[in-house]
Every structure is written in C-alpha cells, then in structure tokens.
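**Q** Okay, here's the structure, questions in a sec.
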Amino acid sequence: MLHLTGQNYNARDIIRNIFSPLIGVLSSPQADEICHRNNLSFVELLQPFAKLPNDAHFRDVSGTSVSVRGLRLNFCDVDWRPPQTVLARKMLNESVTNAHNDKTRLATIADIDLELPTSEPWFEQWRETFLTVQFPADHEFTRHLLSCLLVLSSADPQIVETAHKLGQRVQQMQSITPQKLPKWFHPNEVLNSYVVLHEASQGDLSKAQQGFELLKSTFGDSKCFLVSINSLDGQSAAEVPDHWATFIKRQPKSDANVPSTDLSAPKSPQEAVSVISMPAMQMSQLLEGANAQDSDLAMLHPLSPMQESATEAINSKFSISSESIASQTINPNVWANELEADAPHGGCLTNRDIDNLRHFVQDYAVRALIPYIEHLVAILAEGVTNKKGVSKSLLSATKRWFVTSKPGAGANNQNAVM
C-alpha cells in the first residue's frame with residue numbers, strides 16, 4: 001500500500017504518504033478483466049497517479065476554507081490482509097538483505113583506504129515493509145478504510161444489479177460485529193462510490209453513457225464516475241512508458257479464489273500476533289539463546305557481525321523452514337512475483353487514458369471524498385460539543401449540591417436583605 005523507497009522524500013512527504021486517506025477498492029470480474037489487459041489490477045493502475053495534481057480545498061467546522069496541497073490517496077484492495085507473523089518477519093529480513101547501493105566513496109581510516117557506500121537504502125525499504133505489514137490497531141485509525149470504490153464494466157448488461165451486489169458485499173464487511181478486517185473509519189456511514197471502466201477500443205461510448213446514467217439516477221451524481229481506458233487493442237506497440245514498474249514489486253494483490261472466511265481471518269493482532277510483538281514461547285527461546293551466548297560480548301548494533309552471529313544462533317532454536325511456511329494457511333498476501341513484476345504494463349493505454357486516470361483521482365477527491373470528510377468532521381465536532389455540554393451541566397449540578405458556601409456568606413446576605 002505504501003511506496004517510499006527510491007524517492008527523495010523529505011520528512012513531510014513521508015508523513016503525508018504514510019498517513020494518507022485509505023480508500024478500499026472492490027472490482028467486478030469484468031472490471032478486473034479490463035485492467036488485466038495491462039497486466040495490472042485497478043489498485044495498481046491508480047498507484048502512479050494517486051497524488052492530486054492540483055490543490056484541494058477543505059472547509060472546517062467554522063466554514064473556513066483550508067487549502068490542502070500534495071494530497072495523496074492510498075488505494076487498497078478490500079480483500080488484502082496483513083501477512084502473518086512468520087511471513088512478515090521473512091519479508092522484513094529480505095527487505096534489508098536485498099537492499100544494495102552500488103555507489104561508493106573512498107575513505108581513509110588509519111592509513112587504510114576503504115570503499116564505503118554513499119547511503120544505506122536498507123532502512124528505507126525496511127521502514128516501507130514494516131509500515132505495510134502492520135495490522136490496523138483498535139486505538140488508532142490510520143489503517144482504517146475511509147471510503148470504498150466499487151469498480152464496474154461498461155459492458156456489463158446488468159450494471160445496476162452488479163453494483164447492488166458489490167454494495168451488499170461491502171455492507172456485510174462493514175456491519176460485522178465484532179469488526180473484522182478490513183476495518184472502517186465510520187462503519188455506519190461509509191462512502192461507497194461507483195467507477196465505470198469503459199474500453200474505448202472495443203465498447204460503444206453511447207451504450208456506456210446509458211449505463212452510467214442509470215447508475216447516477218440510482219446512487220447519485222456525485223458518487224458515480226466514468227473512466228475511459230484501453231484505447232489500444234494491445235496488438236500495437238505501447239504508447240506510454242511503464243509508470244508502474246516501481247510500484248508493482250511491493251504492491252499487495254488480492255486473490256479472488258480465496259474463500260471469504262479465510263479472507264476475514266485473522267481479525268486482530270490478538271488473534272494473529274503482529275510483527276511488533278512475539279509469542280511468549282518464542283520470547284522465552286530468545287532469552288535462552290541470549291543467555292547461551294558469551295556474556296562478555298557487547299552488542300554493537302543490530303547489524304554488527306557479533307550481533308548477527310548471535311541472532312543466527314538464537315533463530316536456529318525456533319527457525320521455520322520454507323516448507324512449513326508453505327504448508328501454513330496464511331492470508332492472501334500475494335506479492336507480485338518476478339515474472340509479473342517484469343512484465344510490461346499499460347500496453348493498452350494511451351496518453352489520453354493516462355490523463356483520464358489522473359482526472360478521475362482529482363474528480364473523485366473533490367466531488368466525493370472531501371465533502372464526505374467535511375461531513376464526518378462535522379459529526380465528530382458535534383459529538384465533542386455535546387459531550388462538553390454534558391460535562392459542564394454535570395459539573396454545575398455537582399457544585400450546586402455538594403459545594404458548601406463560604407463561612408459568613410449567609411449572614412451577609414441576610415443583612416443585605418434586611
């Protein structure tokens with residue numbers, strides 16, 4: 001869901017990307033087929049264009065307009081689940097191991113010339129992987145879905161019925177108690193928007209407009225969007241560069257063949273331990289392994305040779321083979337393999353299609369998402385105001401009944417009345 005490596009981001013940009021609004025995506029099989037012509041899913045299709053090209057304007061509770069610059073939307077498949085502990089630990093280890101920097105600089109230390117790397121990209125990749133594999137916590141909402149996109153095909157003869165089915169599926173996810181993954185910021189009032197994908201090379205635009213008008217009359221004008229893509233048939237040479245190559249390797253993808261019961265488990269870090277915690281049994285083994293090492297060895301840093309050998313000795317006590325990992329029932333955290341990552345992307349797209357995707361992201365944020373956020377902020381502000389009013393009334397009642405008057409105050413009042 002996140003992509004931070006390989007970019008010259010400053011601290012502000014990193015925070016904006018990490019805590020960007022999380023938008024769920026649920027596609028129909030026909031819409032998936034349209035996207036797969038480009039070797040992409042709909043989530044992957046939007047990744048390079050998720051940042052708004054223009055400033056967005058948000059109105060706070062007082063009605064003041066606030067300009068939001070550089071807003072980025074984080075699109076995520078609703079069927080995506082964080083990896084289980086074993087797989088997450090493996091991904092974190094590989095993110096550090098596979099991080100290389102070929103650029104070096106010459107440094108002389110104690111009359112010895114050393115070639116040192118100019119930077120250490122392992123931390124950026126570890127940070128990106130760590131933030132991606134986290135479970136959404138109950139006490140914070142940065143990993144909760146704010147809204148949902150229901151993606152349809154203009155070639156669907158029953159497009160309204162398909163939209164209702166997708167909406168019912170999302171509603172089931174939102175109404176489960178206790179709440180399972182995915183978690184929603186405001187389950188009782190989630191913004192569901194409908195995106196109609198039209199293939200310009202195969203479909204008739206007039207028929208697509210007819211189905212789109214039916215959707216707008218059913219669900220509302222501000223919740224429906226028509227995006228025209230695939231202007232090429234895929235037989236000719238690609239017209240646009242591969243904008244998606246840097247996003248596919250770490251982009252989680254859903255598996256439509258996995259049953260919904262498997263998709264909903266685990267439900268929380270308590271049921272499947274997240275990477276920031278470890279089972280008690282493994283912690284005890286860690287302590288035993290650490291005690292077995294020479295107590296005189298000092299821990300220089302987590303990547304020092306001494307610590308590396310100690311870590312290998314500790315991990316050998318509870319190491320898990322690749323066969324045992326493969327035999328486990330894990331969530332569909334399917335990450336693009338090398339063949340998929342190296343495959344050409346966007347072979348059916350033109351520059352006009354790319355502009356349509358950029359315009360859709362901007363249009364969706366301005367017409368649907370930001371007004372919905374303004375509505376949510378108003379609801380939350382009203383709740384806070386009501387709670388303050390209740391607390392003030394309770395405090396005044398408590399003072400009136402239990403706070404005694406000052407000595408002599410009653411006598412002074414009586415004299416004043418007389």
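A short reminder: the numbers here are calculations on the coordinates, not readings from a lab. Everything quoted here is computed from the prediction, not taken from an experiment. Cβ placement follows ideal geometry from the backbone for every residue including glycine, while neighbour counts extend to all protein chains displayed.
**Q** Return the long-range amide H neighbours of residue 184 (sequence gap of 5 or more, or a different chain), with a cut-off of under 5 Å between placed amide H atoms.
**A** Result for residue 184 returns 145.
**Q** Cα centroid distance between the range 201-245 and the range 112-190, in Å?
**A** 24
**Q** Could you put 91, 173 in order, starting from the residue whose Cβ has the fewest other Cβ atoms within 10 Å?
**A** Numbers: 91 19, 173 24.
Ascending number of Cβ neighbours within 10 Å: 91, 173.
**Q** Another question, then. Which ³J(HN,Hα) values, rounded to whole Hz and listed in residue order, are derived for the range 187-195 from phi using the Karplus coefficients 6.51, -1.76 and 1.60 in 6.51 cos²θ - 1.76 cosθ + 1.60 with θ = phi - 60°, glycine and proline given as x?
**A** Once θ is set to phi - 60°, the couplings for the range 187-195 become x, 6, 8, 8, 7, 9, 10, 10, 10 Hz.
**Q** Project the alpha carbons of the range 21-62 onto their principal axes and report the range along each, largest first, in whole Å.
**A** So the three principal-axis extents are 46, 20, 13 Å.
**Q** I need the shape label for the range 1-119. Rule: rounded when a/c is under 1.5, else prolate if a/b > b/c, else oblate, with a, b, c from the alpha carbon gyration tensor.
**A** Details: a/c = 2.47, a/b = 1.48, b/c = 1.67.
Oblate, since a/c reaches 1.5 and b/c is not below a/b.
**Q** Hey, fewest Cβ within 10 Å first, where do 213, 161, 239 land in order?
**A** Details: 213 13, 161 10, 239 16.
So the ranking, lowest neighbour count to highest, is 161, 213, 239.
**Q** Listing 23, 112, 373, 379 from the residue with the fewest other Cβ atoms within 10 Å to the one with the most, what is the order? Write out the running numbers ahead of the final one.
**A** Working: 23 24, 112 7, 373 19, 379 12.
Ranking 23, 112, 373, 379 by Cβ neighbours within 10 Å, fewest first, gives 112, 379, 373, 23.
**Q** Taking amide H positions as placed in the peptide plane 1.01 Å from N, state which residues far from residue 153 in sequence (5 or more) or on other chains have amide H under 5 Å from it.
**A** Result for residue 153 returns 31, 197.
**Q** First select every other residue whose beta carbon is under 12 angstrom from the beta carbon of residue 88; then total the charges, Lys and Arg +1, Asp and Glu -1. Intermediate values should be presented prior to the final figure.
**A** On the way: positive: 81, 89, 90; negative: 94.
Net charge in that neighbourhood comes out at +2.
**Q** Here is a follow-up. In this model, which of 51/180; 165/216; 51/207; 165/207; 165/223; 183/223 are farther than 26 Å apart at the alpha-carbon? All intermediate terms of the calculation are to be shown ahead of the outcome.
**A** Working: 51/180 29 Å; 165/216 16 Å; 51/207 31 Å; 165/207 21 Å; 165/223 16 Å; 183/223 21 Å.
With Cα atoms farther than 26 Å apart: 51/180; 51/207.
**Q** On to the next question. Shape verdict for the range 66-167, please, from the Cα gyration tensor: rounded (a/c under 1.5), prolate (a/b greater than b/c) or oblate. Each step should come with its number before you reach the end.
**A** On the way: a/c = 2.78, a/b = 2.51, b/c = 1.11.
Prolate shape, in that a/c is at least 1.5 and a/b is the bigger ratio.
**Q** Another one. In terms of the Cα gyration tensor, with a ≥ b ≥ c the square roots of its eigenvalues, is the range 163-236 rounded because a/c is under 1.5, prolate because a/b exceeds b/c, or oblate? If you can, show how the numbers build up before the last one.
**A** On the way: a/c = 3.41, a/b = 1.98, b/c = 1.72.
Since a/c reaches 1.5 and a/b is larger than b/c, the shape of the range 163-236 is classed as prolate.
**Q** Using the Cα centre of the range 103-180 as the reference point, and only Cβ charges (+1 on K/R, -1 on D/E), how large is the resulting charge dipole? Debye, rounded to the nearest 20. Write out the running numbers ahead of the final one.
**A** On the way: 7 positive and 10 negative charges, 101 e Å.
Rounded to the nearest 20 debye, it is 480 debye.
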